[in-house]
Amino acid sequence: MYEPRFDWTREDVLALHARPLSDLIYEAQGALRAHHDPNAVQRAQLLNIKTGGCAENCGYCSQSSAFETGLKASKLMELDAVLSAASAAKAGGAERFCMGAAWRDLRDRDMEAVCAMISGVKAMGLETCVTLGMLHEGQAEKLAAAGLDYYNHNLDTGPEYYPQVVTTRSYQDRLDTLAQVRRAGVAVCSGGILGMGERAEDRADLLVQLAALSPHPESVPINHLVGIEGTPLGGSARLDGLDFVRWIAAARIIFPRSVVRIAAGRESMSQELQALCLLAGANSIFVGARLLTTANPGRDRDEALLDAVGAG
Ligand code: SAM
Ligand code: DTB
Ligand code: SF4
């Protein structure tokens, strides 16, 4: 019971998602309780170490140079500034610090600077995570040697809808990067975005693709699209709240051993909706007032949420 399976099909996932809500939540709680402390919520914090000017055309993203979003691009941050942000995050209760860069791929000339950031953050006693775009042969090993615990690289959506989202990088490119991460012994953080105009079938396919990875990604972030003005997908209709909760529950059941994170999109969710996501088996959030370029609820609202559900 509640052990990972790698052979989920679209039909399996759609049937799971369509179950009566009470049954779905009951099963999600079973999966959560089999492998995790049901009352613990992991806090991760993001920092955008390189903003904007990205060469990819991900249709949801404020940082692509393909769209006019009003975001000002900046260079890679200095080490000192990154370490003070990490120290503030730790003081605010974060357990994991995730550094993101608006890059298509990691170039060797940036490797030394990024490795120094990873080592510095690790030395503070934080778990380290980076999300730097595609990785080339041998790069994941260098990041691992610097003290990297997790690499985030999302599949974003199912393979059929993917070409509507991004055309400058293929689905296979993403799978290849995840394979590099695994080979280097770094834990995988990979999930996707809901609310980009995709069908339920595409959401199911995203979970099927992630579930075919063996072992499963250790972290599965489920983002709700933060609509960005000026991007092709910015005006997409929001998911119904309970539908989002159902996808979280499905992710918890499919990835029983993984940490499932309610990632982007909490800023526009009520406390009650977020509490339902936690009931549905999510056990991690991003804390802090910002994600990468957009707002996040911040400390007071999050402490109120975690107090309300009794999560330490
Ligand atoms: N450039 C790197 C990459 O794409 O791999 C790292 C940063 S990128 C912003 C990390 C992930 O954040 C994306 O893969 C996507 O899933 C998520 N993301 C970006 N913009 C988003 C938005 N507006 N709403 C929800 N999720 C978003
Ligand atoms: C993930 O799945 N979501 C985070 C993190 N991994 C890198 C990023 C969310 C970004 C939301 C939009 C923004 O702030 O620019
Ligand atoms: Fe670039 Fe990442 Fe944004 Fe895509 S999601 S445009 S790769 S920063």
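Listed values, structure above:
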item: Cβ-based charge dipole, segment 116-246, positive-most Cα from V220, A140, L210; result: A140
item: Coarse-grained scattering of segment 35-105 at q = 0.18, 0.21 Å⁻¹, given as base-10 log I(q)/I(0) from a Debye sum over alpha-carbon atoms; result: -0.78, -0.90
item: Cα-Cα separations in segment 126-233 greater than 25 Å, expressed as whole percent; result: 21
item: Non-local Lys pairs in the chain, i.e. 8 or more apart or on different chains, that have alpha carbons under 16 Å apart; result: 4
item: Cα gyration tensor shape of segment 196-257, rounded if a/c is under 1.5, else prolate or oblate by comparing a/b with b/c; result: prolate
item: Overall dimensions of segment 182-310 as given by Cα atoms, namely Rg and Dmax in Å; result: 14.6, 41
item: Centre separation in Å (Cα based) which lies between segment 95-146 and segment 189-237; result: 23
item: Neighbour-limited loop hits for GluC sites (Glu not before Pro), segment 65-143 (at most 14 other Cβ within 10 Å; DSSP other than H, G, I, E, B); result: E68, E78, E137
item: Interchain or long-range residues, amide H under 5 Å from M134's placed H; result: D105, L106
item: Cα-based equivalent ellipsoid of segment 259-312: semi-axis lengths in Å, sorted from largest, via gyration tensor; result: 17, 12, 10
item: Portion, in percent, of the accessible area of segment 166-312 that falls on carbon or sulfur, probe 1.4 Å; result: 52
item: Computed over segment 1-81, the ratio Rg/Rh where both radii use C-alpha atoms and Rh is Kirkwood; result: 1.18
item: Computed over the chain: relative contact order in percent, which uses C-alpha pairs under 8 Å that are six or more apart; result: 24
item: Accessible area per residue, Å², segment 170-298 with all protein chains present, probe 1.4 Å; result: 31
item: Over the chain, volume per residue of the alpha carbon convex hull, in Å³; result: 119
item: Distance histogram in 10 Å bins (all Cα pairs of segment 1-144, percent per bin); result: 10, 28, 25, 25, 12, 0
item: Segment 143-188: radius of gyration over Cα atoms, expressed as a fraction of 2.2 N^0.38 Å; result: 1.31
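The values are calculated or read from the model by the stated rules, or taken from the named source; none is laboratory data. Keep in mind it's a predicted model, so treat the numbers as computed, not measured. Cβ atoms come from the backbone with ideal geometry, glycine included; neighbour counts cover every protein chain shown. The area values use the complete protein model at the heavy-atom level, side chains included, leaving out ligands, DNA and RNA. Shrake-Rupley method; radii C 1.70, N 1.55, O 1.52, S 1.80 Å.
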